[in-house]
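A.B. asks: Attaching a single structure in structure tokens format; questions to follow.
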There are 6 protein chains.
Amino acid sequence: MNETILAGGNLTISRFFALDHRAYEPGALGTKTKEMLGLVSSLVLRCDDCITYHVIRCAEEGVTDEEFHDVFAVGLVVGGSIVIPHLRRAYELLEELYG
Amino acid sequence: MNETILAGGNLTISRFFALDHRAYEPGALGTKTKEMLGLVSSLVLRCDDCITYHVIRCAEEGVTDEEFHDVFAVGLVVGGSIVIPHLRRAYELLEELYG
Amino acid sequence: MNETILAGGNLTISRFFALDHRAYEPGALGTKTKEMLGLVSSLVLRCDDCITYHVIRCAEEGVTDEEFHDVFAVGLVVGGSIVIPHLRRAYELLEELYG
Amino acid sequence: MNETILAGGNLTISRFFALDHRAYEPGALGTKTKEMLGLVSSLVLRCDDCITYHVIRCAEEGVTDEEFHDVFAVGLVVGGSIVIPHLRRAYELLEELYG
Amino acid sequence: MNETILAGGNLTISRFFALDHRAYEPGALGTKTKEMLGLVSSLVLRCDDCITYHVIRCAEEGVTDEEFHDVFAVGLVVGGSIVIPHLRRAYELLEELYG
Amino acid sequence: MNETILAGGNLTISRFFALDHRAYEPGALGTKTKEMLGLVSSLVLRCDDCITYHVIRCAEEGVTDEEFHDVFAVGLVVGGSIVIPHLRRAYELLEELYG
């Protein structure tokens, strides 16, 4: 789907996508930490598609089950009970990924 | 001021404060990482007082200048230009702390 | 699904769930009023799953049709037209519950 | 200041202000309950001016100290720790009002 | 569905719906511009149903493909990457409408 | 202050600032329309600094008093009464600018 968006030819939009990719590349912080930052941000902003994306990326970067729970705990306490339905879907995804 | 709130004697509120403290204690992830999670969450939710608190805590946990910028970059890309005024105040605080 | 989350064994998360339960138990305000507070909060924060949960709990606590409309009216005026799609789904649920 | 806004002569805006007033008039629910709904909404949406307004209106409608704490507890659990700075200012206001 | 809501007979709610209609009628700004304002607001507030509604209304008012992309670019930069999933669905809708 | 941020030397952040500038340059839509889109977005997201910036830019682009009110009316209806304190400050700024 991103191809359709980029094919639209709007330069601001395509540069934003490049920047979005760039933000998670290793720098002073490694990609694993940056992906956890992306995950907790998605959680408190309550965006299911973003949570799904970052849970998968975090798993690829080696985030363990207990580390996921720690990220979720910070997101839940900062964002409140309104986060719970999104947390449920994140756990369902973790189960699919790890069984 | 937290004392006034806790003196109010509402058990749900005082337990929430204890939980808020607990979420940043070392677990599978260390306190430094958890404080960066708290900082990026505060940034995308655009809460100046929370940003101030977590910038100070991150500094105490040894987050370097370049690491701060990496956290800010993720927060800015996820949260958009609406985050910029809060980012400005975070930089002002960093300057006060580090000169 | 909450069982899966609680089975994860993260103490901050399980305590948050206990606190979330506690917040709606009768105190200075009764559970009916507290559930209406939870409903209007869910409405202005635009969380469908939370709205569904609190509509059902409000109905169990005896909130009448006219009282529901009053809660919705406050939520709509405070939260604006962005709330309307969630209001629609709340009305659909009310129809299912009451016919 | 509302006078300046209304003097602007935009009919959509002036009708919105009339509607905003109307939402808290007694109906199936009394004004006291409606003002508590407005307060908790302002709290989870983190609007200091709105919190100040509804705290004062709630106090006028006879909301007691313990009832305020119950409203705050629901707002804190639903909205998360990001609500705490606003809660602090609400408590400061309560102290000013009641000593 | 709006009929069910209006049949509920709550005057605040029905007047809000009238006001919501009024806000997009031609005034100092034409309906086309106002619908683009409604679209970008829906985008940064991340409400899919609202985006769908305003994309269709914008198309009816003659907003061109390139103009849509400009609206999306402002919404993406202001709202950040959290807006991307909603942008994807907006592009899917545009493709359905225009092929 | 932007200079301090850019002097920090984080490439993601400096590119974001360039993109933020780019989004309002004339394209399929002119800068005046784009600035009104930025203004209504800032209004519904309730960011005072962003509102101030876009009100000034809109004024520079020739947005008239009546056009401002139309933008505000859309923002108020979409975003709800929670927007009112920010609307007040926008009107104060307009008065300062135009007397």
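A.B. asks: Please identify the pairs in which a residue from the range B:61-88 that is among the β-branched types (Val, Ile, Thr) has its Cβ atom under 6 Å from the Cβ atom of a residue that is not in a helix (DSSP H, G or I), counting only partners at least 6 apart or on another chain.
C.D. replies: The qualifying pairs are B:74/A:23; B:77/A:23; B:78/E:80; B:82/F:45; B:82/F:47.
A.B. asks: What number of residues within the range A:64-84 satisfy the criterion of being assigned to a helix (DSSP H, G or I) and surrounded by fewer than 19 Cβ atoms within 10 Å (Cβ to Cβ)?
C.D. replies: Total meeting the criteria: 3.
A.B. asks: Output yes when any residue across the range A:7-29 is at positive phi and either under 14 Å from the mean Cα position of the chain (by Cα) or of a type outside the set (Val, Ile, Thr) (or both), and no when none is.
C.D. replies: Looking through the range A:7-29, at least one residue is at positive phi and either under 14 Å from the mean Cα position of the chain (by Cα) or of a type outside the set (Val, Ile, Thr) (or both).
A.B. asks: Might you check whether a residue that is in contact with a helix residue (DSSP H, G or I) (Cβ under 9 Å, 6 or more places away or on another chain), among the acidic types (Asp, Glu) and without any contact (Cβ under 8 Å) to a residue 24 or more places away in the chain occurs anywhere in the range A:23-30?
C.D. replies: yes
Here's the yes/no breakdown for (1) surrounded by fewer than 24 Cβ atoms within 10 Å (Cβ to Cβ); (2) within 7 Å of another protein chain (Cβ to nearest Cβ):
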residue	(1), (2)
E:10	yes, yes
E:16	no, yes
E:19	yes, yes
E:28	yes, yes
E:31	yes, no
E:44	no, yes
E:60	yes, no
E:89	yes, no
E:99	yes, no
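Residues are listed down the side, and each one gets a yes or a no for (1) away from chain B (no Cβ under 14 Å); (2) under 14 Å from the mean Cα position of the chain (by Cα):
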| position | (1), (2) |
| --- | --- |
| E:5 | yes, no |
| E:53 | yes, yes |
| E:65 | yes, no |
| E:68 | yes, yes |
| E:73 | no, no |
| E:81 | no, no |
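A.B. asks: I would also like to ask the following. Where residues in the range F:67-99 are at pLDDT 95 or above and acidic (Asp, Glu), which of them is farthest from residue D:48 (Cα to Cα)?
C.D. replies: Filtering first and then ranking leaves F:67.
The values are calculated or read from the model by the stated rules, or taken from the named source; none is laboratory data. Keep in mind it's a predicted model, so treat the numbers as computed, not measured. Glycine also receives a Cβ, built like all others from the backbone with ideal geometry; neighbour counts cover every protein chain displayed.
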